[in-house]
Amino acid sequence: MTAEPLLEVTDLVRHYPAGKGLLGMGSSKGVVKAVDGVTFAIGPGETFGLVGESGCGKTTIAKLILRIEPPTSGRIMFDGRDVARLTGKELLAYRRSVQAVFQDPFGSLSPRMRVADIVGEILEIHTSMTPAAIATRVGEVLDLVGLRPDQARLFPHEFSGGQRQRIAIARALAADARMLVLDEAVSALDVSIRAQVITLLEQLQADLGVSYLYIGHDLATVSHLADRVGVMYLGRLCEVGDSVTVSTDPRHPYTQALFASALPHLPDDADAAREVAVPVTGEVPSALNPPSGCRFHPRCPLAEARCSAEEPVLVQVDEAHHAACHLLPLTVGRR
Amino acid sequence: MTGDVLLDVQDLETEYRAFGGSRVIKAVDGVSFTLEAGQTIGLVGESGCGKTTTCLSIMRLLPAGARVTGGRVLLEGRDLAQLSDREMQHVRGNEIGMILQDPMASLNPLFTLYDQVREPAYHHRGLRGGALRERVLSLLGSVRIPSPEVRMREYPHQMSGGMRQRIAGAIALSAAPKVIIADEPTTSLDVTIQAQYLDLLKSLQRDTGVGLIFVTHDLGIVAKMCDDVMVMYAGRTVEHGPVRQVFGQARHPYADALLRSVPKMGSKEPLFRIDGQPPNLADLPPGCAFEPRCPHAITECAQAVPPLLEVGPGHTSACIRSVELAAAGAAAPGADGGEA
C-alpha cells in the first residue's frame, strides 16, 4: 500500500432497526447488521474491489462513504479529514472529490436533461466557471470517455447502455474527482460493451490518477480491475489482499467457496473446478441476527466448535494478505 | 450423450413489424440447430441478437406484431407450426418446459407452491389426489426444497431468490417434458447459489435425459453447462459447434473477440476490446453484420451475407475468412487480434 491512504475506513458499522411491522405497530425485531466492523484503506490511484453476495453490505459501505447515510459508528477519513465532521464548504469539496457511478445507466441519468446539462450541472454547483467555460469542459470530458463533444446536445435516450455509462463516468470526472465509487458499474452492460468500459476505466485511472472503489459480484471483473480486493460476508470482511493472490490462493473457506463457484473461463476449467470445488451448501443467512462466532460457520465445511463461539479477526497470512478464520493453517491450498 | 433428435430447428426466420408494417425487423434470420436427448445447447450473444426471439418462436409465444416467416421447428418429427392452438398448448409445459430469468415475475404471488408446481402434472399428466401430491413432493425434493411438506403450503414471497428459481425449475419439470428452454435462468442469482442451481440442473438432466436449451450472455455458463454452443449476432448464427472446439479455437472473429473480451480470474492481461456497437436490426449492412466492427474485414465482407461454412466436424462459422484466418493463427486465442 502507498504511504498515505486517500480514504481510510476504520471499524465502520451501520445497523438498521428492523421493521416494526405495518404502520410501525408491533414490537421491534432487532437490528439488521448491514455493516459490522469493516476496516480498509484505498491509496491514491489505487483500485480497491469489494466482492460479496447480495446483502453482504457492500452497497451500504458505498452509501456511508458517499455520506448518503451516517454510520452507526466507526470512522471514514478522506485525505486526512474525518468525513463525518465535514460541514459547509468542506462537505461540498468532499462531495466534489468523491463521485459515484451506479449500475443502471437508464436510471441514473435524468431523461429530461441534455447530456450537456447532466455533465455540466456538477460544474455549476462546484465551480464558478462561466457557461462558455462549462461547455468547453463538458466537451473535454466527453472526449475523454470516448464520446463526441457534439453529442452534448442529445438526451440520454438517444444513447445505448454503454454510451450512457460513459456519460455517467464523464459526469463523475467533470469536476476533477479524486475517487470514484463504482457500484456494479459494468454489470448491466453486454459482454463486448463491458470490455470497452472496463478498458476505459483502466485508461482513465492511468491518465488521471483517480482512485476507485469498485463494488461488484462478478469475481472475474473485480479481480481484473482491482489492485486489492476485500471479500465480504454478512457485513464483515473475511479476506483482504492483493487481487491476484486472493483469487488464485484464497485462504478463507468462504472465499474458497466463492471462487470455486465462479463460472469457468474454458470448458476444461469446468472439469478442473469440479474436482476441487469446496462444497458450500445452503444460503446466506439473514443479517438480522447473524450467526454467532464466525458468520460463515453454518455453511462452512471445516467448521468446529470454536467457530460458533468466537468471532475470528483478520490476521496476516502473507504479505498484504489477511483472512479472518480460526482454522487458517488448514485452509492452505484447498483450492 | 448422443440420443434421438428431439428438436430440429431449420432455417427459422422471425420478423417484427413496427409502425403498421412500414418497418420490418428481422430478429431471427435463418437459424438452424438440433437438440438431442440429454444434450445441452447454449445460445449466446448480446442483447438483441435474437436468442430469446428464437426460443419464443419455438414455443409459439411471440408477441403481437411478430411472426415466423420462414423455416420449420420439428419436435420429434412433428412440425409445431402445423399444430392447432389447443395442440400447441399441450406441447407447452408438457413436452417443452420453460424457465425464465426472473422467478419473482414467473411465479404467481397469490398461489401456494403446491398449486403452481402441480399445475402441469394436473393438466398434462392427469394426476389427481395422492399421486399428484406425491409428484409435487418428489419434484420439490428433487430441486432440494427443504421440508417440502411444509414449504409447499407457502407462497413465493416466503422463498429466497434461489429457492424461487428452483421452484420455477420444479414447475418446468412437473409434467416431465423432453426439452427445457432456460432463458437466463441464473442471471438474478448470487454466485454460490448460481453454482448450486447449475449443478442441480445438470443432475436433473442426468436423471431424466431432458434436452436443455440454455439462453445466456454469460460465456462461463456455456463453458460449464453446454455440449454445443451457437453464437448469434444480429439475428444470425455466426458460429455453431461443440463447446470445446469453439472455446478452444473460435473461428468467427466475433465469437473469438467475445471470448477474449471476458475478464479472466486472477489475470491482469488487458481485455480484448470490440469497438463500436451492435448494428441496428432495422438497418443491417448488406454484407456480414459484424463487418463494420471486424478487425479482419476485407472488401468482400461488405458485399454479401456470408454463408455458414463447415470448419470442423459439426462446427460451422459464418465468416468467409475462417479458414484463412485460422491458418494464419490470427483468430486463435492469445493472438493479438491484429493482422498483417
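Computed from the coordinates by the stated procedures, all read-outs in this text should not be read as laboratory data. Since this is a predicted model, take the numbers as computed values, not measurements. FYI the Cβ positions are ideal-geometry reconstructions off the backbone, even for glycines, and counts take in every protein chain you see.
For chain B, adding -39500 (n - 2.57) for each run of n ≥ 4 DSSP H residues and dividing by the number of residues yields -9000 deg cm²/dmol at 222 nm. Neighbouring Cβ atoms from other chains, within 10 Å of the Cβ of residues in A:193-200, number 6 on average.
Remark: the Cα gyration tensor places region B:231-328 in the oblate category, a/c being 1.5 or greater and a/b not exceeding b/c.
DSSP beta bridges fully contained in chain A are about 60 percent antiparallel. For chain B, averaging the sequence separation of C-alpha pairs within contact (under 8 Å, six or more residues apart) and dividing by the residue count gives a relative contact order of 19 percent.
Dividing the summed helix terms, -39500 (n - 2.57) for each DSSP H run of n ≥ 4, by the number of residues in chain A produces a 222 nm estimate of -10000 deg cm²/dmol to the nearest 500. Along region B:15-22 the Karplus relation, 6.51 cos²θ - 1.76 cosθ + 1.60 evaluated at θ = phi - 60°, assigns HN-Hα couplings of 10, 10, 10, 10, 6, x, x, 6 Hz to successive residues, with x for each Gly and Pro. Evaluating 6.51 cos²θ - 1.76 cosθ + 1.60 at θ = phi - 60° for every residue in region A:75-80, the Karplus couplings come out as 9, 10, 10, 10, 6, x Hz, glycine and proline recorded as x.
Picking from A:125, A:55, A:43, whose Cα lies most toward the positive end of the charge dipole for region A:20-131 (charges on Cβ: Lys, Arg +1; Asp, Glu -1)? After comparing all options, I get A:55.
How big is the dipole moment of region B:5-226 about its Cα centre under a simple scheme where the beta carbon of each Lys and Arg is +1, that of each Asp and Glu is -1, and everything else is neutral? Debye, nearest 20, please.
Charge dipole, region B:5-226, about its Cα centre: 480 debye, nearest 20.
Only Lys, Arg, Asp and Glu carry charge here, each on its Cβ (+1 for the first two, -1 for the last two); on that basis region B:231-328 has a dipole of about 380 debye about its Cα centre.
Ordered by the count of other Cβ atoms within 10 Å of each Cβ, fewest first, A:322, B:240 give A:322, B:240. Beta bridges assigned by DSSP with both partners in the protein assembly as shown are antiparallel in approximately 60 percent of cases. Taking other Cβ atoms within 10 Å as a rough exposure proxy, B:181, B:298, A:134 sort from fewest to most as B:298, A:134, B:181. Taking other C-beta atoms within 10 angstrom as a stand-in for reagent exposure, A:255, A:245, B:34 fall in the order B:34, A:245, A:255, fewest first. Distance from the C-alpha centroid of region A:306-335 to that of region A:52-101: 29 Å, rounded to the whole angstrom.
For the protein assembly as shown, the normalised intensity computed at q = 0.09, 0.10 Å⁻¹ comes to -0.86, -1.07 (log10 of I(q)/I(0), Debye sum over alpha carbons, equal scatterers, no solvent). Amide hydrogen proximity for residue A:181: with H placed 1.01 Å from N in the peptide plane, the residues at 5 or more positions away or on another chain lying under 5 Å are A:99, A:100, A:101, A:213.
The spacing between region B:283-304 and region B:1-67, judged by their C-alpha centroids, is 23 Å. Of all DSSP beta bridges confined to chain B, the antiparallel ones make up roughly 65%.
How would region A:138-212 be classified by its alpha-carbon gyration tensor: rounded, prolate or oblate, with rounded meaning a/c under 1.5 and the a/b versus b/c comparison settling the rest? Here region A:138-212 falls in the oblate category.
Rounded to the nearest 20, the size of the Cβ-charge dipole of region A:191-335 about its Cα centre is 420 debye, with Lys and Arg at +1 and Asp and Glu at -1. Taking the charge dipole of region B:5-226 about its Cα centre, with +1 at Lys and Arg Cβ atoms and -1 at Asp and Glu Cβ atoms, the residue from B:221, B:167, B:52 reaching farthest to the positive side is B:167.
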